[in-house]
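Quick note: the coordinates plus some simple rules give every number you see, no bench work behind them. Nothing here was measured: the structure is a model prediction, and the numbers come from that model. Glycine gets a Cβ as well: all are built from the backbone with ideal geometry, and neighbour counts include every protein chain shown.
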Amino acid sequence: MRDPRIDKLANVLVNYSVKVKRDNVVRIAGSTATLPLVRAVYREVLLAGGHPLLRLHDDQCADIFFAHAKPKQLSYLNPLIMREVQTIDRSIGIWGDENTKSMTRVNPHKQAAVSQARKPASDLLLKRASIKGREKLRWVGTQYPCQASAQDAEMSLAQYEDFVFTAGLLHLKNPAAEWQKISKRQKRICDYLNKAKQMKIKTPQGTDIRLGIKGRRWINCDGQVNFPDGEVFTSPIENATEGVVCFSYPAVHGGREVHDIRLQFKAGKVVDVSAGKGEDFLIKMLDQDKEARILGELAIGTNYAIKQYTRNTLFDEKIGGTCHLAVGAAYPETGGKNKSALHWDMVCDLQRGGIIEVDGKVISRNGRFGRPDWPQPVRR
């Protein structure tokens, strides 16, 4: 029996997140594991008057590519990809894999080479999707609840489906209306932080970091770029990060997990790195270009419907009562200048004694904001 929440999610993605208009060219990208949602989105795009452009990829083809591609092939960027990014009006990415660990044994140098080769396309996508050019290109990414991700989250498929759809408020009658309410609450945080100069984050577990944010714009993430959503973010000043951050959860990149990450920053750059597992991979990723060791993102998670770590950054970085930092590429709409082929989000839990201090004033303690008109834990 078809899950009606899939159709509800497709409707939200097409009509709320990217707001498809008549004659928009809409890229729909997903794997063969996500076909039920791909088909539902395809239908909604047609109903909205758009022109769907289907882009399916296969996990086994990706395995074959990394097993057999020569250096020239790894570093090749198909010009049709650039043309596609230049042409599309909307992009909907649907994530889901048959095996989330299939890349674990791939040589990290190969992964870095592919990342570098695709950087012009990702840079163009970010530029076209920036706030000033938002009507030129809107994009959103979401997770389809599949078996591999359920296993990563240590849930049954049925439990994971409930988790995914609840995180997106799809169990409610009108999810889009609920996200509009969230948007208003998060706007209050952004308005406050847009006037700030400095943020400090401290935890009893060893994080003690200071970040310059003067003049940077905070973005309200309300389900129109990621879905589900629930965060506010900016790009910190590139040379103004000082201190140490100890990340609470394993950080996942390219199918690899790195545990117990500790990064030390001086004058904005990572100067010391350690990890309990995957340290060699972490260092290789940080050394892939000259700006990969600089922070491209600082964010606060505000989705209190997400209550547990699942090894999926889409959800983990949104957990209410956390913050996350990303090394590598910044988002141009924030005023960030950092350019890198890397963008790797890492999450720090603040719910056990953590504080966020802005210009000398504590705004969050133990993962809870000090103002009742800001996002708060859901009471059920």
task: Among Leu137, Leu53, Gly168, flag the residue with its Cα farthest along the positive direction of the charge dipole of the chain, charges on Cβ as +1 for Lys/Arg and -1 for Asp/Glu.
output: Leu137
- request: Can you tell me how much longer the chain between Asn194 and Leu172 gets when fully stretched, taken as 0.36 nm per residue apart minus their C-alpha distance, in nm with one decimal?
  value: 4.7 nm
message: So for each of 166-176, 181-191 I average, over its residues, the number of other beta carbons within 10 Å; can you give me the resulting order with the highest mean first?
response: 166-176, 181-191
message: Given axes a ≥ b ≥ c from the Cα gyration tensor, I'd like to know whether region 181-369 is rounded (a/c under 1.5), prolate (a/b larger than b/c) or oblate.
response: rounded
field: FRET efficiency, Leu124 to Asp280 (Cβ-Cβ, R0 25 Å, nearest 0.05)
entry: 0.20
Within the chain, helix-based [θ] at 222 nm, where runs of 4 or more DSSP H residues each add -39,500 (n - 2.57), nearest 500: -8500 deg cm²/dmol
- request: Would you mind calculating the gained length between Arg210 and Phe65 on full extension (0.36 nm times residue separation, minus the Cα-Cα distance), in nm to one decimal?
  value: 48.0 nm
query: What is the chain's relative contact order, in percent, from Cα pairs under 8 angstrom and six or more apart in sequence?
result: 14 percent
query: Which shape class applies to region 278-335: rounded if a/c is under 1.5, otherwise prolate when a/b exceeds b/c and oblate if not, where a ≥ b ≥ c are the square roots of the Cα gyration tensor eigenvalues?
result: oblate
- request: Please state the charge dipole magnitude for region 181-369, taken about the Cα centre, from unit charges on C-beta atoms (+1 on K and R, -1 on D and E), reported in debye and rounded to the nearest 20.
  value: 740 debye
- request: Have a look at the DSSP beta bridges in the chain and tell me what percent are antiparallel, nearest 5.
  value: 70 percent
Region 278-315 and region 177-227: distance between their alpha carbon centers, rounded to Å: 16 Å
task: Place a +1 charge on the Cβ of each Lys and Arg in region 4-144 and a -1 charge on the Cβ of each Asp and Glu, then give the dipole magnitude about the Cα centre in debye, rounded to the nearest 20.
output: 500 debye
Cβ charges +1 (Lys, Arg) and -1 (Asp, Glu), total dipole of the chain, debye: 1260 debye
- request: Compute the length gained on full extension between Arg352 and Leu35: take 0.36 nm times their separation in residues and subtract their Cα-Cα distance, giving the result in nm to one decimal.
  value: 110.1 nm
field: Tensor-based shape of the chain (alpha-carbon gyration tensor, a/c under 1.5 rounded, otherwise prolate or oblate)
entry: rounded
